[in-house]
1. Any residue that is surrounded by 19 or more Cβ atoms within 10 Å (Cβ to Cβ), in a loop (DSSP other than H, G, I, E, B) and in contact with a Ser or Thr (Cβ under 9 Å, 6 or more places away or on another chain) - is there at least one of those in the stretch 173-183?
2. Name every residue in the stretch 51-86 that is among the β-branched types (Val, Ile, Thr) and part of a loop (DSSP other than H, G, I, E, B), in order of residue number.
3. Kindly indicate which of 138, 133 is over 13 Å from residue 79 (Cα atoms), touching a residue at least 24 places away in the same chain (Cβ under 8 Å) and surrounded by fewer than 19 Cβ atoms within 10 Å (Cβ to Cβ).
4. In the stretch 97-112, which residues are at pLDDT 85 or above and not aromatic (Phe, Trp, Tyr)?
5. Any idea how many residues of the stretch 253-275 are modelled with pLDDT of 75 or more and either hydroxyl-bearing (Ser, Thr, Tyr) or surrounded by fewer than 19 Cβ atoms within 10 Å (Cβ to Cβ) (or both)?
6. Kindly provide the set of residues from the stretch 164-182 that are modelled with pLDDT of 90 or more and not basic (Lys, Arg), ordered by number.
Amino acid sequence: MKIVISLCLIIICFASAKNVSRGLNSDDNNSSTTIVIPNENSSQNVSDYYLADINEFPYHVIIVKMENDSYEILCQGALISHDWILTSASCINRNSEHLNSGNFLAFLGVRDLKDPKVNARELKYTKLHPNYDTEMDDGNDVALCMLEGGISEYTENTEIVYLIDPSETRILDCKYSSFIGQYLYGQSVKMQVEFDDCEKIGVLDDIYYCAVMNDTIHAKNKEYDLGSPLTCGGKLYAIRNIHGYFTTVFSISNLILHTMDELSLLTRTMQFKSL
């Protein structure tokens, strides 16, 4: 009993809700839905990226706030299990006032924000990294979010990305994905040992490797890129943090997996007791 109570204290519980499939912009139902996206003004060119294929980044997730007929993108993330996504702790912390409203959704398997339908899930629980400082908005900028109902093999255009193993080399060919305006874009990335002018050619991570890439088009609006995933060798290497750099999962993968197991067990226990 004490264990269950303790676990309840470390997670934020939200009201349960059914899985939903929502139209973003559909002429069929005369929808007036609008999508709030950040300003794309930047000195960088969108042509530095390529428009992603619908099946290229099936793990990419968008977290949105829904109000009336408007969707505002808050941050992005990666689907790391059938029930869990990994995103930015800063995003969850800064939008905590929306979490109990039922209007905090994860969109999965979408490349074009004006597609008439998306796979949408409400967030059931969230757990910030224990070393993330909510007051200073700093630290290990990662958070786990549990999806209400999860996904299945029949959920269209979605696929899990697994965490990179700590024993794997970090010098790999990688890919970065992020929504730029209406569409999901990708970019090829090379990882190399950090040197003094990394920020001139790419983005630094928290273990001093340089992701050589044309930096995001949102260079002056990095909050929009919060949680955007960087994969290497087909596995999740890092996500974009509040400072615009990459927070790696390299050293915390065991913690992430352990936390998911604990919270999933707690959820099943609570559901059993409610029967």
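1. No, the conditions are met nowhere in the stretch 173-183.
2. 54, 80
3. Answer to the check: 138.
4. Once the filter is applied, which keeps residues that are at pLDDT 85 or above and not aromatic (Phe, Trp, Tyr), the stretch 97-112 yields 105, 106, 108, 109, 110, 111, 112.
5. 9
6. 174, 176, 177, 178
The values are calculated or read from the model by the stated rules, or taken from the named source; none is laboratory data. These figures come from a predicted structure and were not determined experimentally. In this analysis, Cβ positions are derived from the backbone assuming ideal geometry, glycine residues included, and neighbour counts consider all displayed protein chains.
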